[in-house]
1. I'd like to compare 29-41, 57-69: which one has the highest average count of other Cβ atoms within 10 Å, and what's the full order after that?
2. In nm, to one decimal, how far is the modelled label at Ala33 from the one at Arg54, with both set 7 Å along Cα→Cβ?
3. Computed over the Cα atoms of region 28-69, what is the ratio Rg over Rh, Rh following Kirkwood?
4. Tell me, what HN-Hα J-couplings in whole Hz come from the Karplus equation 6.51 cos²θ - 1.76 cosθ + 1.60 at θ = phi - 60° for each residue of region 22-33, using x for Gly and Pro?
5. Please give the contour-minus-distance gain from Thr6 to Tyr46: 0.36 nm per residue of separation, less the Cα-Cα distance, rounded to one decimal in nm.
Amino acid sequence: MPLLPTQARQLIELLLGCAPLPEPELDYDAFDAALAAALDGAGKVYDPLQRRMRPWADRARMRRCFDPARARGLACCRAGSAEHGASGCVPLQCVVA
């Protein structure tokens, strides 16, 4: 099962060791701005699937999944969705790049 927005926030805080991020379900734009700043300070990590350096978290994918104004909710992570193909996604796929 995919992560809930609050769980994603907690995971990112632990991974990046950053200051507490705003709650994404209350103010997604503030969360996204704080996440961008935290990711800028964290550098990039090698993604062996893409064979390149990428940020720790995929902000665009998180916005599609978690932003109440645009979100399709957790439907973006369900098996068979157009975004993830027939296999669906693993629990962290919407969060971690």
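Values in this text are rule-based calculations from the coordinates and carry no lab data. Values in this document were obtained by computation on a predicted structure and should not be read as measured data. Cβ placement follows ideal geometry from the backbone for every residue including glycine, while neighbour counts extend to all protein chains displayed.
1. 57-69, 29-41
2. Spacing of the two 7 Å Cα→Cβ label points: 2.7 nm.
3. Ratio value, two decimals: 1.03.
4. Using θ = phi - 60°, the values come out as x, 6, x, 6, 8, 8, 5, 5, 5, 4, 4, 5 Hz.
5. 11.9 nm
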